[in-house]
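J.: Below you'll find the structure I mean.
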Amino acid sequence: GTSLAPADFAAALKRSGTTVLDVRTPAEFAEGHLEGAVNIDVEAPDFVARVAQLDPSTPYAVYCRSGNRSKTAMGFMTGNGFASVFDLDGGINAWTADGGDTVTG
């Protein structure tokens, strides 16, 4: 996997077929997330089972709050046959600091 700066991450999100994964807790997700993101908590007991249901041939954009949990998730996914996984360097903190939009709900 590759870590991308917010501008590069934003560009990568525009690629067709990219799934956005928010690996924070559901509470963090509810406070604000990237539009269209799917929430799979990397620290939850069902993380492995939920990731196993994903299509490993499509690209995944992974992020968390600061970049630590996304790197854990990205490492797990690439180690389990996911062809294209990248994460947001600095997490959603860097995204919003760079002027990136989030949605709530």
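The values are calculated or read from the model by the stated rules, or taken from the named source; none is laboratory data. Quantities reported herein were computed from a predicted structural model and do not represent experimental measurements. Note that each Cβ is placed from the backbone with ideal geometry, even for glycine, and that neighbours are counted across all protein chains shown. The accessibility values were calculated without ligands, DNA or RNA, using every heavy atom of the protein model including side chains. Shrake-Rupley method; radii C 1.70, N 1.55, O 1.52, S 1.80 Å.
J.: Examine region 86-103 for a residue that is touching a helix residue (DSSP H, G or I) at 6+ places or on another chain (Cβ under 6 Å) and open to solvent by 60 Å² or more (accessible area, probe 1.4 Å), and state whether such a residue exists.
T.: yes
J.: Can you name every residue in region 69-95 that is in contact (Cβ under 8 Å) with a residue 12 or more places away in the chain and farther than 17 Å from ALA12 by Cβ?
T.: Within region 69-95, the first condition is being in contact (Cβ under 8 Å) with a residue 12 or more places away in the chain, and the residues that meet it are 69-78, 80-95.
If the condition is that a residue be in contact (Cβ under 8 Å) with a residue 12 or more places away in the chain and farther than 17 Å from ALA12 by Cβ, then ARG69, THR72, GLY75, PHE76, ASN80, GLY81, ASN93 are the ones that fit.
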